[in-house]
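So the structure is just underneath, and the comments pick up after that.
The values are calculated or read from the model by the stated rules, or taken from the named source; none is laboratory data. Keep in mind that what you see is a predicted model, and the values were worked out from it rather than measured. Note that we place each Cβ from the backbone using ideal geometry, even for glycine, and neighbour counts take in every protein chain shown. Heads up: the accessible areas ignore ligands, DNA and RNA and are worked out on the full protein's heavy atoms, side chains in. Shrake-Rupley method; radii C 1.70, N 1.55, O 1.52, S 1.80 Å.
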Amino acid sequence: MPSQLKLLLVSIITGLTFWLSAGPLNADPWLLKQCDLQRDPNLPPGPPELALQGCVKGGAGIEATTYAETRKLGTWIPYGGIYGGLFAGPYLSFHGLWRWRDVHDLSDDGTRSKARFVDYAILQIGNPVLNRYRVSFGRMRLPFGLDISQAPQYYQDLENRRFWRSPKIGAYLTFDDLRRSRFDVGIAMNDTGKFSGQKTAQKSDELAMSLRGILDVSALEGTRIIASLYSANKGERRYGLALSNTNRKGDQTNFEFIRRQVFASGQLSPFEQLLRVSYTGVWQKAGRWVIQFDDERLRFRRIVFNLDRPLLFPHLTAKAAIGYKRNLDYIRQSFWSFTAAMEIAL
């Protein structure tokens, strides 16, 4: 799909969200920069039904990274995204996220990569607050692991997305006891590239399934345990284990381990493996600070320290990061990187 058509589609969806949510059913029919339920339907007074509610939020930024011990100047990256949601009553909702990121070389006018894509666009039947069973379907990734990175865009651009990717068109069923446990079972098929606008060597008959179990425990003020399985008809198998802890101050610690294997022509290829550990501190801070460590087998190890500081202008944030990367291939190169960024929440 051409980028102009994507922009038009996003504009139409956003416009419909505002138009549909402007009816008399809701005293506050649309929300900007937040997407919350209008009110808790289980609390009196008033009827339990949720009114029509729309919301839009997004952000944009620009980031520059330079390297030590290399001849390259570095990169600069403009990026952003916009989310839109429409809650059509208590049991039906629409959600979509469109993202973009361009990677340019600082040394010349060349563009290293461009990415403009619909991250997800789904219809959800069921409410996470009210319903034990929910169904979601549309364009999305199958539920698998955490897939959370707080690192700067430069580091996220280097990620091996094969650890989390899946065929794009699918659906998943969620069972949630609304207390401690949740299970997601999903199935997806590969699209032909017409939604992404990118040519791919994958065939359109790819089929995959995933199973994810989530358990919340009270250890360390609140810990979430996530176990995931993934299987595709082209021989791919994936196993994941993740822990996420958030304390009462809002600080968050995440751990994720993934192993990926592909069986080709009856033979087992060398496996890929990722270990990620991150900590986000927000308590008694004007901004937040993040430290993240990634160890990808036979590829690289890297660590990044990132600090965010809000500025005088509302919703404007300055970011600075220092990173170290050690390649594990035959080159065995290592270098330091320095990143500065400005980001605004829209």
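R0 = 25 Å: FRET efficiency of Ser107 with Asn233, Cβ-based, nearest 0.05? List each step's numbers first, then the result.
Numbers: r = 44 Å, r/R0 = 1.75.
Efficiency, from the Cβ-Cβ distance: 0.05.
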The extension gain from Leu207 to Asn247, computed as 0.36 nm times the residue separation minus the Cα-Cα distance, is 10.5 nm
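Over all directions, how big on average is the projection of the convex hull of the alpha-carbon atoms in region 272-346, in square nanometres? Please list the in-between numbers first.
On the way: hull surface 24.9 nm².
Over every viewing direction, the Cα hull of region 272-346 projects on average to 6.2 nm².
So if each residue of separation counts as 0.36 nm, and I subtract the Cα-Cα distance between Asn327 and Arg179, what length gain in nm does that give?
Stretched fully, the Asn327-Arg179 segment lengthens by 49.0 nm.
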Amide H proximity to Gly89 below 5 Å, modelled H, separation 5+ or other chain, gives Leu52, Gln53
Note to self: with every protein chain in place and a 1.4 Å probe, region 212-278 gives an accessible area per residue in Å² of 52
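If the chain between His315 and Ile291 were fully stretched, how many nm would it gain, using 0.36 nm times the residue separation less the Cα-Cα distance?
Here the segment from His315 to Ile291 would lengthen by 6.4 nm.
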Sorted by chain and number, the residues with a modelled amide H under 5 Å from that of Glu236, at a separation of 5 or more or across chains, are Phe263
